[in-house]
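Single-structure report; data block below.
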Amino acid sequence: MNREDFLMCKDALIYLDNGATTFKPKQVINKVVDYYTKYTANCHRGDYDISQKVDFEYESTREVVRKFINADSREEIIFTSGTTESLNMIIFSFMRHYLKKGDEVLITKAEHASNVLPWFELEKEMGIVVKFIPLTRDYKVTLDNVKAVTTNKTKVISLAYITNVIGDVRPIKEISEFAHQNNILLCVDGAQSVPHMKTDVLRDDIDFLAFSAHKMLGPTGVGILYAKKKFLEVMPPFKYGGGMNIKFESTKELEYKEVPLRFEAGTQNIAGVLGLKAAIEYIESIGIEKIREHEIKLREYLIKRLKEVSNVTVYNEASESGIVIFNLDKIFAEDTANYLNHYHICVRAGNHCTKMIKDDLGVKNTCRISLYLYNTFEEIDKLIDVLKNSKNIYDIIL
Amino acid sequence: MDSNIKRELMIENFENPFHKESKNGKEFIKANTYNASCIDNIDLYVRIKDGKIYDAYFDGEACAITISATSLMVKKIIGMTLQEARNFITEYYHMVNFENYDKTKLGNLLIYEDIAKQPSRKKCALLPVQALEKSLEICEEGGKNDK
Ligand SMILES: Cc1ncc(COP(=O)(O)O)c(C=O)c1O
C-alpha cells in the first residue's frame, strides 16, 4: 500500500529488510528538508521567530509520540539517538541506582544485543544476576516460563515486545500484571513492535519502553525512551551539558531542569525529531491496525508460498508478525542473500544481533525477511520464483 | 582457467571441505578471522614443527567462497616451510589485488583470481590467508613451535 509516497519503492528493487530499517515517505523527507531550508535554528533558545517555530515543532512531537503510545503525559517522552541509547539510559542510569548486588534480571536468549550487553556489563560491575527465561519449542515466552525462573530476588523483566529474529509477539500484558503483583519492573524493547502494532503503555502497564524512529518510516539517529514519570523523577541524567541545566556556579552549586529536558543534554537531533513527527502522523493517517493487517496477510501468503519451494526451511512459522526466517538446504545464509541480491531482492543474512538464540534455534545463521506496509504480493511472487530457481545458485554467485 | 572448472572446484571444496574440524590440542596454534560486515567466521589450526607447517585444520561457519578457499589453502600449506608460507601469503594478496604475482606459488587457489571483481566477495576470499598470517605471527611471538 501507499508505494507512491516512497521514492525508494522502485519496480526493480524488492526491499525485505524492514527489521533493519525502513524507507521514508516523502512526507518525512519534506519535513526534514523544510527544517533545513525554511526554519533552521536550535531549540529552547527561542528569542526569534524561527527558533520559536522549531521549539513548537520539537515539543509538539512529544505530544504526538505520547498519543501514539498512549502515555499519560508528554513529560514521559524523552528523545534519544535510538533504541540502543534508550536501553542504555534505562539500564545505566535508572537500574544502576535502583538495583542492588544479588538482584535478578530476567531476559531471554532471543533479545537483541542492546537488551543484553548493558545488563551483562551491569552484572560485572555491581553483581546483579542476569537470568534467561526459557523459550518454548516455538521460541516463545509464556507467563509460565517467566514464573518458572522468578524468585524473590527478581527485580526486573526486560523483553522485546516482538523479537527481531523470531518475530514472536510476547504476552506483555500478562507478564506485566504478574510482574507488578510481585514488585518487579517491566522494561520493553519496542524496536520491532511499535512500528508494526498498536502500542498502549497504559493498557499494558509498561514501566519503560524503548524504540527507534528509523524502523517506523522516520529518520535515523532518533529514538524514544518512555518511562513512567515516577521513575524519571528519580533517574539521574545520562549526559550532562547545555540544555539540561538551570544554573551552575563556580561554587559548584548547580540545578538541573525538570523532566524530560533534564535528559536531553546538548543539541538534539532536531531534524530527526521533526521527521519522526511526520512519520507518526503518516502512520496514523493510514492507521496502524491497517498496516498490521496488511503485514499479516502478506506473511500468511509468504509462508504458504515458501512451502512450494522444496529446499526451504522456515524456522518461525508460528510467529505473528512480518518477520520470517529461513534457509535453503545446505546453503549458507550469506550465499542465499547474495543470490537474492543478484535479483535486487534485499534480505538480511546473519544472526541479526541476537547471537544467543543459536543455542535454541540450532542454526547460527539464517536469512530474514521482514515486511512493511509498502511490500506487495507481487514482490513475494518474484521472491518465490527466484528461490525456486535456486538450483543454479552457484552459477550466479561464484 | 575455465570458469566452470573454477566453480566446480569451489563447490566441491565447500560441500566436502578438507580437514574441517576443530583441533583443540596444545600443539595447534589457533587463529580466528571473521568479516565485520557479514557473518563468515573461521578458526584456522596449524601445527608448526621444525620450521614447517606440519599439519593444518579449520572450522567455522562461512559462505561458499570462504569455506572453499580455506579448504584449498589448508591442503596447500601442509608441508610448507614458514618462509614458503609467507611467500604464499604475499602472492595471494598480489593476486586478489590485481598486482603482478607468481602463479606457480598458488596452485588451485588461482581459482580466486577474479574474485576481487566483486568487492563484497574479496573479503570472503581473504579470510583464510589472514588467518594464516595471524598464525605465523603467533608462532613468531614465541607461541607454539614444536622443535
Ligand atoms: C529488537 C531490537 N532491539 C533493539 C534494536 C536496536 O535499535 P537501534 O539500532 O535503532 O538502536 C533493534 C534493531 O535492530 C532491534 O531489532
Restrict the check to segment A:240-251 and report whether at least one residue is among the hydroxyl-bearing types (Ser, Thr, Tyr), under 21 Å from the mean Cα position of the chain (by Cα) and farther than 30 Å from A:GLU177 by Cα. no
Hey, could you check segment B:55-76 for residues that are within 14 Å of chain A (Cβ to nearest Cβ) and under 17 Å from B:ILE29 (Cβ atoms) and say which is least open to solvent (accessible area, probe 1.4 Å)? B:THR70
Among the residues in segment A:357-369, are any away from chain B (no Cβ under 14 Å), within 16 Å of the ligand (Cβ to nearest atom) and either surrounded by 14 or more Cβ atoms within 10 Å (Cβ to Cβ) or in a helix (DSSP H, G or I) (or both)? yes
The condition from (1) open to solvent by less than 40 Å² (accessible area, probe 1.4 Å); (2) touching an Asp or Glu at 6+ places or on another chain (Cβ under 8 Å) that B:ASP102 misses is numbered (1)
Given the conditions (1) closer than 30 Å to A:VAL116 by Cβ; (2) away from chain B (no Cβ under 12 Å); (3) of a type outside the set (Phe, Trp, Tyr); (4) more than 23 Å from the chain's Cα centre (by Cα), every one holds for A:VAL324 apart from (4)
State all residues of segment B:103-143 that are more than 14 Å from chain A (Cβ to nearest Cβ), in contact (Cβ under 8 Å) with a residue 12 or more places away in the chain, more than 22 Å from B:TYR34 (Cβ to Cβ) and not in a helix (DSSP H, G or I); if no residue qualifies, say none. B:LEU106
With respect to A:ALA41, determine if the residue is in contact with a His (Cβ under 6 Å, 6 or more places away or on another chain) and more than 16 Å from the ligand (Cβ to nearest atom). no
Is it the case that segment B:19-39 has a residue that's among the hydrophobic types (A, V, I, L, M, F, W, C), more than 11 Å from chain A (Cβ to nearest Cβ) and not in a strand (DSSP E or B)? yes
Condition test on B:LEU44, is it outside any strand (DSSP E or B), more than 10 Å from chain A (Cβ to nearest Cβ), surrounded by 21 or more Cβ atoms within 10 Å (Cβ to Cβ) and touching a residue at least 24 places away in the same chain (Cβ under 8 Å)? no
Flag if A:VAL314 is under 24 Å from A:LYS109 (Cα atoms), touching a Cys at 6+ places or on another chain (Cβ under 7 Å), open to solvent by 10 Å² or more (accessible area, probe 1.4 Å) and not acidic (Asp, Glu): no
For residues in segment A:339-352 being within 19 Å of B:GLY60 (Cα to Cα) and not in a strand (DSSP E or B), which is nearest to the other protein chains (Cβ to nearest Cβ)? A:ASN351
Can you report the number of residues in segment A:57-90 which are within 13 Å of the ligand (Cβ to nearest atom), in a helix (DSSP H, G or I) and either surrounded by 24 or more Cβ atoms within 10 Å (Cβ to Cβ) or within 14 Å of another protein chain (Cβ to nearest Cβ) (or both)? 5
Suppose the filter is among the hydroxyl-bearing types (Ser, Thr, Tyr), in a helix (DSSP H, G or I), open to solvent by 40 Å² or more (accessible area, probe 1.4 Å) and over 19 Å from A:LEU274 (Cβ atoms); does A:THR37 pass it? no
Elements of type strands (runs of 3 or more DSSP E) contained in segment A:147-245, each with 1 or more residues being within 16 Å of the ligand (Cβ to nearest atom), away from chain B (no Cβ under 14 Å) and touching a Ser or Thr at 6+ places or on another chain (Cβ under 6 Å): A:185-189, A:208-212, A:223-227
Consider segment A:40-55. How many of its residues are closer than 26 Å to A:PHE238 by Cβ and open to solvent by 30 Å² or more (accessible area, probe 1.4 Å)? 4
Would you confirm whether any residue within segment A:303-314 is free of Cβ contacts under 8 Å to residues at least 40 places away in the same chain, touching a helix residue (DSSP H, G or I) at 6+ places or on another chain (Cβ under 8 Å) and assigned to a strand (DSSP E or B)? yes
Quickly run through segment A:151-202 and pick out the residues that are acidic (Asp, Glu) and open to solvent by 20 Å² or more (accessible area, probe 1.4 Å). A:GLU174, A:GLU177, A:ASP200
Selection within segment A:97-146 - open to solvent by less than 30 Å² (accessible area, probe 1.4 Å), more than 16 Å from the ligand (Cβ to nearest atom), in a loop (DSSP other than H, G, I, E, B) and without any contact (Cβ under 8 Å) to a residue 40 or more places away in the chain: A:GLY127, A:ILE128
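The values are calculated or read from the model by the stated rules, or taken from the named source; none is laboratory data. None of the values given here were measured: they were computed from a predicted structure. Virtual Cβ from ideal backbone geometry, glycine too; neighbours counted across all protein chains shown. Ligands, DNA and RNA are excluded from the accessible area calculation, which covers all protein heavy atoms including side chains. Shrake-Rupley method; radii C 1.70, N 1.55, O 1.52, S 1.80 Å.
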